[in-house]
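Below is one structure, written out as structure tokens, with a few remarks after it.
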């Protein structure tokens with residue numbers, strides 16, 4: 001029995017299925033969770049989705065009602081872990097990625113765990129692992145699972161819409177080199193299943209608020225520093241600056257891509273002062289400019305070659321100085 005058939009068999013055998021994803025929800029973690037949830041429903045089974053925190057506002061066009069968050073209903077989440085007889089771990093490969101509270105619950109759970117993920121260096125904590133670092137997204141792997149388990153005929157618009165969204169957002173609208181021919185084959189299957197891709201693009205991209213656009217304009221015109229032979233853009237935003245523009249989760253997500261659109265730019269790093277730390281988003285172009293090693297080795301982070309995250313407990317000034325010192329080492333050309 002292949003791994004995909006094993007997963008489907010585990011779903012049919014379970015009574016209380018729990019779907020989890022990483023902290024700091026994004027399009028892929030939310031999309032893959034909802035897509036799997038609706039697929040499980042179509043198999044005639046019931047599931048619950050528990051995430052550490054709320055999805056960003058730009059995903060509000062989806063039906064997010066199946067998702068319970070740790071930061072809004074900790075008791076319900078704790079009870080879901082206790083009752084679960086099968087736990088899916090989506091879009092993360094290390095238990096510390098779901099926050100301390102949910103990590104404790106996950107590690108205490110004795111039921112089978114199934115990890116489906118596409119990040120490097122998976123931790124060995126799951127009973128069954130689908131770990132494909134060549135995949136564009138976890139949402140792509142969910143479609144792969146549905147197809148290769150023999151249930152492709154069950155794909156429909158309800159299942160496919162969040163999965164399309166997950167692939168769309170994790171590939172930067174299909175611009176990253178993680179997009180392979182297989183990615184487009186999977187997208188074609190979703191379109192054939194009834195997914196209205198043009199509506200997803202409209203609902204995702206045409207939802208700006210005035211404060212978000214003003215924040216982005218301020219960040220690009222007043223805060224962006226271009227350095228390292230005009231190939232690296234640094235965009236630092238302090239807590240006060242974010243508050244001045246009524247910052248909402250997700251408002252800074254596109255800043256790195258905007259900076260990378262500058263001719264000759266190879267790397268963009270956005271630094272946001274939130275929750276007492278400096279949160280960092282690293283983006284780059286090309287295989288020759290990986291950012292995940294810089295994030296992992298110096299900023300308690302990691303991720304993909306061209307898209308990674310990290311954090312710093314130092315001041316903004318100290319963090320910027322450290323980055324600038326490291327740039328020649330990690331990006332010599």
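The table that follows gives values for the structure above.
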| item | result |
| --- | --- |
| Residue within region 181-202 that is part of a loop (DSSP other than H, G, I, E, B), closer than 28 Å to residue 261 by Cβ, modelled with pLDDT of 95 or more and not assigned by TED's automatic domain parsing to the domain that holds residue 284 present | yes |
| From 178, 151, residue being in a loop (DSSP other than H, G, I, E, B) and either outside the structural domain of residue 290 (by TED's automatic domain parsing) or under 20 Å from residue 29 (Cα atoms) (or both) | 178 |
| From the options 278, 262, residue that is assigned to a strand (DSSP E or B) and touching a strand residue (DSSP E or B) at 6+ places or on another chain (Cβ under 8 Å) | 278 |
| Matching residues in region 260-273 - criterion: being in contact with a helix residue (DSSP H, G or I) (Cβ under 8 Å, 6 or more places away or on another chain) and within 15 Å of residue 223 (Cβ to Cβ) | 268, 269, 270, 271, 272, 273 |
| Helices (runs of 4 or more DSSP H) (entirely within region 3-119) containing at least 2 residues that are under 22 Å from residue 165 (Cα atoms), in contact with a helix residue (DSSP H, G or I) (Cβ under 9 Å, 6 or more places away or on another chain) and assigned by TED's automatic domain parsing to the domain that holds residue 163 | 27-42 |
| Residue check, residue 136 crowded, with 18+ Cβ neighbours inside 10 Å, out of contact with any strand residue (DSSP E or B) (no Cβ under 9 Å at 6 or more places or on another chain), part of a loop (DSSP other than H, G, I, E, B) and not assigned by TED's automatic domain parsing to the domain that holds residue 293 | yes |
| Per-region count, region 216-237, residues surrounded by fewer than 15 Cβ atoms within 10 Å (Cβ to Cβ) and assigned to a loop (DSSP other than H, G, I, E, B) | 2 |
| From 314, 333, residue being surrounded by fewer than 19 Cβ atoms within 10 Å (Cβ to Cβ), touching a helix residue (DSSP H, G or I) at 6+ places or on another chain (Cβ under 8 Å) and assigned to a loop (DSSP other than H, G, I, E, B) | 314 |
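Per-residue answers, yes or no, for (1) in contact (Cβ under 8 Å) with a residue 40 or more places away in the chain; (2) surrounded by fewer than 21 Cβ atoms within 10 Å (Cβ to Cβ):
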position: 54; (1), (2): yes, yes
position: 58; (1), (2): yes, no
position: 66; (1), (2): no, yes
position: 69; (1), (2): no, yes
position: 77; (1), (2): no, no
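The values are calculated or read from the model by the stated rules, or taken from the named source; none is laboratory data. Remember, predicted model here, so these are calculated numbers, not experimental data. So basically every Cβ, Gly included, is an ideal-geometry build from the backbone, and we count neighbours across all protein chains shown.
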